[in-house]
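The structure appears right after this line, and notes come after that.
The values are calculated or read from the model by the stated rules, or taken from the named source; none is laboratory data. Since we're looking at a predicted model, the values are computed, not measured. Counting neighbours? That spans all protein chains shown, and the Cβs are built from the backbone with ideal geometry, glycine included. The protein model used for the area step is the full one, side chains on, heavy atoms only, and it has no ligands, DNA or RNA in it. Shrake-Rupley method; radii C 1.70, N 1.55, O 1.52, S 1.80 Å.
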Amino acid sequence: MATRGQSGQVPASDPSSRERDRSRLYVWALVGIATVTSIWANALHAVRLNRESDAAGLHLDDVTDGALSSTPLSRPLAL
């Protein structure tokens, strides 16, 4: 909260609430983009590892493997 000067006005250097809201939105957009990029890269890596695997038995298709690697609780299962 900005303190008012002797004239009763907020100093010009104090950002308005609209500017603060825009800054917060920008930061949250960056966090969201980074999160989505990380999940996408993890799924892509899991699909690549699944294709290179020589394991006999269960072999997941790309969509299933990508979906499992994107779900936080089952990431170890897909890898």
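Summary table
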{"quantity": "Those residues of region 39-59 which are modelled with pLDDT of 85 or more and open to solvent by 70 Å² or more (accessible area, probe 1.4 Å), in sequence order", "calculated": "W40, L44, H45, R48"}
{"quantity": "Cβ-Cβ under 6 Å pairs, at least 6 apart or on other chains, region 24-53 side closer than 17 Å to S69 by Cα, far side among the hydroxyl-bearing types (S, T, Y)", "calculated": "I39/S70; N42/S69; A43/S69; A43/S70; A46/S69"}
